[in-house]
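K.L.:
The structure's right below; bear with me while I get my questions together.
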Amino acid sequence: MGSIDPTAQAAHRALRALFVEGRQPTRAELEEATLPVYLGVLNAFFLNVMEAPFSGRESVEEVAGYFTSLQSRHRDLRGVDTSVMAVYTLCGIRGVPLPETFPEMGARHVDWMGMLITAVAAENGIAGERLETYLLGSVARYSMGDF
């Protein structure tokens, strides 16, 4: 990965373990990545995957509807607030700030991002090397500040 920040590389390794290899990252893998960088790369990865089904021209209702339809096929998504995540998704894809009324991001939202990454990737045939490419792209996206 050339001149990519070592903490971004560490975040990549931890996220690769989770999403590509299907295992929990080791404590060492997590400790090498600082939390802000890990979350930044995760957010960039989320956006990369969400850009598979969405262009950014959709309405909040359309994106929320897509997420709701996923909930019927992916049990783990049943607790996801589809409206909140639709706003988050569209703001990220469009590169606009979240509304002032948007709830503060917390661990729950991070969990929802991970669950949506997994479900959307599965629905769009993003797996194996292709998923790894999306993840590598997220490191570059994070490094460029485009997340």
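K.L.:
Could you check, for the stretch 106-118, whether at least one of its residues is of a type in the set (K, R), part of a helix (DSSP H, G or I), out of contact with any strand residue (DSSP E or B) (no Cβ under 8 Å at 6 or more places or on another chain) and more than 15 Å from L18 (Cα to Cα)?
P.N.:
We begin by selecting, within the stretch 106-118, every residue of a type in the set (K, R); these are 108.
From what's left, part of a helix (DSSP H, G or I): 108.
After this cut, where a residue has to be out of contact with any strand residue (DSSP E or B) (no Cβ under 8 Å at 6 or more places or on another chain) as well, the list is 108.
Checking the rest, the ones that are also more than 15 Å from L18 (Cα to Cα) come to 108.
For the stretch 106-118, residues of a type in the set (K, R), part of a helix (DSSP H, G or I), out of contact with any strand residue (DSSP E or B) (no Cβ under 8 Å at 6 or more places or on another chain) and more than 15 Å from L18 (Cα to Cα): present.
K.L.:
Also, quick follow-up: So if I check each of V37, V87, V80, V60, which one is over 28 Å from P6 (Cβ atoms), buried (at least 20 other Cβ atoms within 10 Å of the Cβ) and touching a residue at least 24 places away in the same chain (Cβ under 8 Å)?
P.N.:
Values: V37 fails: over 28 Å from P6 (Cβ atoms); V87 fails: buried (at least 20 other Cβ atoms within 10 Å of the Cβ); V60 fails: buried (at least 20 other Cβ atoms within 10 Å of the Cβ).
Just one listed residue meets the conditions, V80.
K.L.:
Hey, can you tell me all the residues within the stretch 78-96 that are closer than 19 Å to R141 by Cα and among the aliphatic types (A, V, I, L, M)?
P.N.:
L90, I93, V96
K.L.:
Still on this model: Looking for whichever is open to solvent by 50 Å² or more (accessible area, probe 1.4 Å) and free of Cβ contacts under 8 Å to residues at least 12 places away in the same chain here; the options are T118, T133, T68. Which one fits?
P.N.:
Working: T118 fails: free of Cβ contacts under 8 Å to residues at least 12 places away in the same chain; T68 fails: free of Cβ contacts under 8 Å to residues at least 12 places away in the same chain.
One residue alone meets the criteria, T133.
K.L.:
Scan P99, P103, P53, P25 and give me the residue that is modelled with pLDDT of 95 or more, assigned to a loop (DSSP other than H, G, I, E, B) and either open to solvent by 10 Å² or more (accessible area, probe 1.4 Å) or farther than 22 Å from L136 by Cα (or both). Before the answer, list the steps.
P.N.:
Values: P99 fails: modelled with pLDDT of 95 or more; P103 fails: modelled with pLDDT of 95 or more; P25 fails: modelled with pLDDT of 95 or more.
Within the list P99, P103, P53, P25, the selection yields P53.
The values are calculated or read from the model by the stated rules, or taken from the named source; none is laboratory data. From a predicted model like this one, the values you see are computed outputs, not experimental measurements. Cβ atoms come from the backbone with ideal geometry, glycine included; neighbour counts cover every protein chain shown. Surface accessibility is based on the protein's heavy atoms, side chains included, excluding ligands, DNA and RNA. Shrake-Rupley method; radii C 1.70, N 1.55, O 1.52, S 1.80 Å.
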